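Taken together, the values in this text are just the output of simple stated rules run on the coordinates, not laboratory data. Everything quoted here is computed from the prediction, not taken from an experiment. Cβ sites come from the backbone with ideal geometry, for glycine too, and all protein chains shown count toward neighbours.
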Amino acid sequence: MFKTLKRKKVEEFIIENRENFYRVAYSYVRNEQDALDIIQDSIYKALNSVEKLKEIKFIKTWFYRIVVNCSIDYLRKNKKYSNFLEVEQLEKIECYEDYTNLDLKKNLDDLPEKYRIIIVLRFFEDLKIEEIAKILDENVNTVKTRLYHGLKKLRVNIESERRS
């Protein structure tokens, strides 16, 4: 009975937040179809391991962690992402529909993954530093440092583009 209730809560949570999870997966692979595959795999894994969710109040970090892990696994299995093609560079601009500033989109995509994912989780998914640390399995101070350095790199890149 409790497992069914928990499963129903997980299903509702996933449906309500599906766009957020898609953005996170997309920030890793930068390809619409691959991001959708990652989300499908994440949902499958979550529903098959719903009993591992100890308390429903941790659902947010639990499912984000699954999405991040599935994204990383996907990248490991598909080495093609080490060298992006020009077509994929164009696709990434189209798929970040919620981001309004093209300079921001381009420069965010150019950041190293360790900075980009933290910025996406913090500012586009509105997660707290502590939640990001749990999702990424990192120390809170590491997340804060990467956020600071990532934002600094982002600002420098945008300012240098505006000058040129």
Given labels modelled 7 Å from the Cα in the Cβ direction, how far is it in nm from GLN33 to PHE123? 3.2
Pairs LYS9/LYS128; LYS9/LYS45; LYS45/LYS153; LYS54/LYS134; LYS57/LYS144: which exceed 26 Å Cα-Cα? LYS45/LYS153
Starting from 0.36 nm per residue, how many nanometres of slack lie between LEU151 and LYS114 once their C-alpha separation is accounted for? 12.1 nm
Virtual spin-label span in nm between GLN40 and LYS57, 7 Å along Cα→Cβ: 3.6
What is the sum of charges around LEU47, taking Lys and Arg as +1, Asp and Glu as -1, for the other residues whose C-beta is under 9 Å from the C-beta of LEU47? +1
